[in-house]
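Worksheet: one structure, shown below.
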Amino acid sequence: MYKDEALVCDQNMCTGCGLCINICPVNAISIEDLSYAQNAVIDSAKCIKCNRCHLNCPQKVPVNANKPIEWYQGWIDNSQDRKQSSSGGVAYAFAKGVIRRGGFVVSCLLRDGRFMFLATQDEEELKNFRGSKYVKSDPADVYKTVKSKLKDGNQVLFIGLPCQVAGIRRFIGEELDENLITVDLICHGTPSIRLLKQFLKQYDIDLEKVNMISFREKQSFSISTDINLIGPRQIYDRYTLAFLNELSYTDNCYSCNYACMERVSDITIGDSWGTDLATEERKGISLILCQSHKGISLLHDSDIITKPVDINNAVRKNNQLSRPSFPHKNRERFFKYLDEGKKFNRAVLLCLPKDCLRQGVKRTLLPIIHEK
Ligand SMILES: Cc1cc2nc3c(=O)[nH]c(=O)nc-3n(C[C@H](O)[C@H](O)[C@H](O)COP(=O)(O)OP(=O)(O)OC[C@H]3O[C@@H](n4cnc5c(N)ncnc54)[C@H](O)[C@@H]3O)c2cc1C
């Protein structure tokens with residue numbers, strides 16, 4: 001148990017956005033990862049009590065948010081690029097457009113075992129951003145780069161989770177806001193990277209040695225890496241089962257302030273679940289919500305095919321536009337099992353026995369179905 005003054009925000013409620021680390025003038029803050037929660041811990045020996053961390057933390061002082069003013073469903077106007085992205089590939093289309101107009105793109109990729117953020121003007125590098133990574137990423141190292149690019153008069157597009165957009169916007173402030181465009185992802189919640197490492201370890205995969213990891217191919221959710229494909233594509237592996245069943249996120253995700261229609265970004269993107277465009281669905285369709293005129297301009301300046309969408313239906317089908325995820329009833333048990341040293345897959349089996357059994361049956365039947 002921490003004393004109140006030892007933490008930036010309430011115990012176990014840190015999103016890991018990394019703003020406090022960047023705003024602290026004496027490098028007194030670090031993020032503690034407990035797997036089931038994170039904390040922004042203040043080193044009292046270094047702290048000069050300037051209070052900047054408390055006054056700026058988006059968990060304590062919310063960042064301005066707005067409701068969408070325009071909404072669409074759509075996809076990138078290039079079938080190969082659409083195929084390579086998780087959903088409709090609109091994030092990639094925004095990024096390409098900004099680079100072609102001379103700006104920088106800042107987003108998340110896997111490098112040296114970390115889901116880190118990078119600023120780039122290189123179209124080849126953009127390919128490494130593609131794909132949803134269903135794990136907590138760490139933007140802390142990129143804040144100062146974003147600020148310096150903006151100070152030099154560059155346009156910067158930041159694509160990330162809503163809690164990360166909130167952190168970046170607070171750090172940049174109104175003065176430099178004009179050239180910053182933000183895109184956030186509708187977010188279900190994120191597990192700690194420690195869980196992903198524990199899961200991969202069972203297959204002798206060291207995340208540091210992985211160059212490519214995929215969590216999803218369109219509607220098919222499962223993990224594969226350049227070292228090892230964990231299971232057949234049509235079967236949920238145990239990491240994916242834990243993720244989709246809301247078993248494995250950090251504590252703060254279950255009371256997420258951003259799981260609503262008031263968005264902190266210029267554009268919000270997600271999947272267009274419940275779409276009326278049945279023939280396009282398997283190819284990936286994005287839901288696109290524009291909160292600002294800056295966002296609308298970015299959309300119209302990008303190579304994206306847009307179609308009208310029924311917003312009420314989209315909200316109904318996408319829970320995280322109206323409420324945070326609910327913790328699974330066995331979530332506490334899950335982390336207790338891991339703490340006791342049970343293997344990741346075993347802990348999931350004990351908490352989600354029916355789901356695991358269903359996937360086991362599917363795995364057995366799959367070769368028979370394919371034989372026909
Ligand atoms: C943890 C998580 C939970 C999600 N939950 C939902 C949901 O409940 N409902 C829904 O409709 N959509 C959800 N999404 C969004 C969806 O999976 C797609 O990422 C989104 O629709 C963009 O698709 P795209 O084809 O345009 O993106 P792509 O062209 O594939 O690019 C994806 C972009 O997102 C960035 N990105 C990917 N993972 C992360 C990450 N962990 N942290 C920061 N940035 C990241 C990439 O760097 C890249 O810029 C979630 C995404 C994530 C990462």
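All of the numbers you see were taken from the coordinates with simple rules; none came from a lab. For clarity, every value in this text was computed on a predicted model and none was experimentally measured. For neighbour counting, all protein chains shown are included, and Cβ atoms are generated from backbone atoms with ideal geometry for every residue, glycine included.
A Förster distance of 45 Å, applied to the separation of the beta-carbon atoms of E123 and R52, puts the FRET efficiency at 0.75. What FRET efficiency comes out for the pair E178/S35, r = Cβ-Cβ distance, R0 = 41 Å, nearest 0.05? That pair, E178 with S35, gives E of 0.55. Just checking the listed ones, N128, N330, N312: in the Gaussian network model of the chain with Cα springs under 10 Å, the one fluctuating most is N312.
On alpha-carbon atoms, Rg over Rh for segment 186-320 using Kirkwood Rh?
Working: Rg = 17.2 Å, Rh = 17.1 Å.
Using only Cα positions, Rg/Rh for segment 186-320 is 1.00.
Within the listed set C290, C53, C24, the residue fluctuating most in the Gaussian network model of the chain (springs between alpha-carbon atoms under 10 angstrom) is C24.
What do you get for Rg/Rh of segment 265-327 when both radii come from the Cα atoms and Rh is the Kirkwood radius? Present the calculation step by step, with values, prior to reporting the outcome.
Numbers: Rg = 12.7 Å, Rh = 12.8 Å.
A ratio of 0.99.
One quarter of the convex hull surface, Cα atoms only: what value does that give for segment 113-252 in nm²? Present the calculation step by step, with values, prior to reporting the outcome.
Working: hull surface 36.6 nm².
Hull-based average projected area comes out at 9.1 nm².
Take the Cα of Q234, go 7 Å toward its beta carbon, and the backbone nitrogen atoms of segment 332-364 under 13 Å from that spot belong to 359-364.
Spread over its residues, the convex hull of the C-alpha atoms of segment 4-56 is 69 Å³ per residue.
How high is the FRET efficiency from N64 to K342, r the C-beta distance, R0 51 Å, rounded to 0.05? Efficiency, from the Cβ-Cβ distance: 0.70.
If the chain linking L357 and R282 were pulled fully straight, counting 0.36 nm for each residue of separation and taking away their Cα-Cα distance, it would gain 24.4 nm. Modelled this way, with points 7 Å down the Cα-to-C-beta line, the labels at R101 and N312 are 3.4 nm from one another.
Over the Cα atoms of the chain, Rg to Rh with Kirkwood Rh, two decimal places? So for the chain, dividing Rg by the Kirkwood Rh gives 0.96.
Once every DSSP H run of n ≥ 4 in the chain is given -39500 (n - 2.57) and the sum is divided by its residues, what mean residue ellipticity at 222 nm do you get, rounded to the nearest 500 deg cm²/dmol? It lands at -9000 deg cm²/dmol.
Taking trypsin sites (Lys or Arg not before Pro) across segment 70-110, the ones in a DSSP loop with at most 15 further Cβ atoms lying within 10 angstrom of their Cβ are R101. Between S220 and D152, the distance separating the two model label sites (each 7 Å from Cα on the Cα→Cβ line) works out to 4.2 nm. Scanning residues 5 or more positions from L157 or on other chains, those with amide H under 5 Å from its amide H are F104, V105, V106, I181, with H placed 1.01 Å from N in the peptide plane.
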